[in-house]
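Below is one structure, written out as structure tokens; comments come after it.
The values are calculated or read from the model by the stated rules, or taken from the named source; none is laboratory data. None of the values given here were measured: they were computed from a predicted structure. For neighbour counting, all protein chains shown are included, and Cβ atoms are generated from backbone atoms with ideal geometry for every residue, glycine included. The area values use the complete protein model at the heavy-atom level, side chains included, leaving out ligands, DNA and RNA. Shrake-Rupley method; radii C 1.70, N 1.55, O 1.52, S 1.80 Å.
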Amino acid sequence: GAGVSQSPSNKVTEKGKDVELRCDPISGHTALYWYRQSLGQGLEFLIYFQGNSAPDKSGLPSDRFSAERTGGSVSTLTIQRTQQEDSAVYLCASRAMGDGNTIYFGEGSWLTVV
Amino acid sequence: AQRVTQPEKLLSVFKGAPVELKCNYSYSGSPELFWYVQYSRQRLQLLLRHISRESIKGFTADLNKGETSFHLKKPFAQEEDSAMYYCALKGGGYQKVTFGTGTKLQVIP
């Protein structure tokens with residue numbers, strides 16, 4: 001079975017441009033997370049989707065960041081007017097209810113803003 | 001509110017030496033605690049969870065509710081243990097999982 005899939009795996013964009021990062025969670029997983037991992041830094045929580053509940057957006061660093069999850073499956077993280085400090089690895093993860101609450105991570109999307 | 005604290009950003013030990021990666025948490029209820037690991041050029045993955053009371057790759061972690069700690073231990077470090085380790089907490093119900101900031105373990109040959 002496929003794991004969490006993210007695309008693109010690498011993205012280089014110019015400062016000021018918008019980017020979209022996509023996440024395909026494991027089929028049937030109701031919870032989906034976005035995290036950011038900057039060079040030499042730990043995991044920074046961005047946003048959490050759980051089923052049909054309102055998402056927990058408390059980790060989004062600014063209003064330039066937004067995320068959607070369509071049909072309870074695929075999610076898109078959008079960064080508008082990118083800045084150099086947005087350069088990081090963006091990790092998506094999903095979790096099924098039960099299964100010991102294990103979170104399964106994707107390989108990440110490496111974003112470089114030049 | 002949930003909080004996970006990993007006080008060490010970097011821990012360097014010699015091969016064969018004991019390892020203890022510290023994790024303290026703050027949560028008012030009964031949490032589930034986890035350790036996740038990220039080896040170089042691999043995706044982040046579960047190492048162990050407290051409810052399983054298991055030993056994985058020689059690592060163990062005991063939940064100490066009195067000290068609100070969940071330290072990760074291994075008696076004899078191996079070079080292949082070098083990685084980034086994250087402690088994580090999940091509250092009850094649909095609450096999200098909260099991660100600590102991570103500790104980089106460096107095992108010196």
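Below, the figures for the structure above:
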quantity	calculated
Accessible solvent surface per residue of the protein assembly as shown, calculated while the other protein chains remain in place, 1.4 angstrom probe, Å²	49 Å²
For the pair A and B, total buried accessible area rounded to nearest 100 Å², probe 1.4 Å	1700 Å²
Trypsin sites (Lys or Arg not before Pro) within segment A:1-30: DSSP coil, no more than 13 neighbouring Cβ in 10 Å	A:15, A:17
Restricting segment B:26-109 to trypsin sites (Lys or Arg not before Pro) in coil, as DSSP defines it, with at most 14 other Cβ within 10 Å	B:41, B:53, B:57, B:65
Sum of side-chain charges, residue B:75 neighbourhood, beta-carbon under 13 Å (Lys, Arg +1; Asp, Glu -1)	+2
Rg(Cα)/(2.2 N^0.38 Å) for chain A, N = residue count	1.01
Calculated log₁₀ intensity ratio I(q)/I(0) where the Debye formula runs over C-alpha points of segment A:52-114, q = 0.12, 0.15 Å⁻¹	-0.38, -0.58
Greater than 25 Å apart at Cα, pairs in B:65/B:90; B:9/B:57; A:57/B:73; B:57/B:90; A:11/B:96	A:57/B:73; A:11/B:96
Using distinct alpha-carbon pairs, which all enter the 1/r mean, Kirkwood radius of segment B:14-109 in Å	13.7 Å
Loop GluC sites (Glu not before Pro), segment B:13-81, which have at most 12 other Cβ atoms in a 10 Å radius of their Cβ (DSSP)	B:54, B:67
Square roots of 5 times each gyration tensor eigenvalue, C-alpha, the protein assembly as shown, largest first, Å	29, 21, 15
Amide proton proximity set for residue A:108, modelled H, under 5 Å, gap of 5+	A:6, A:92
GNM flexibility winner over chain B from B:38, B:95, B:78 (Cα, springs under 10 Å)	B:95
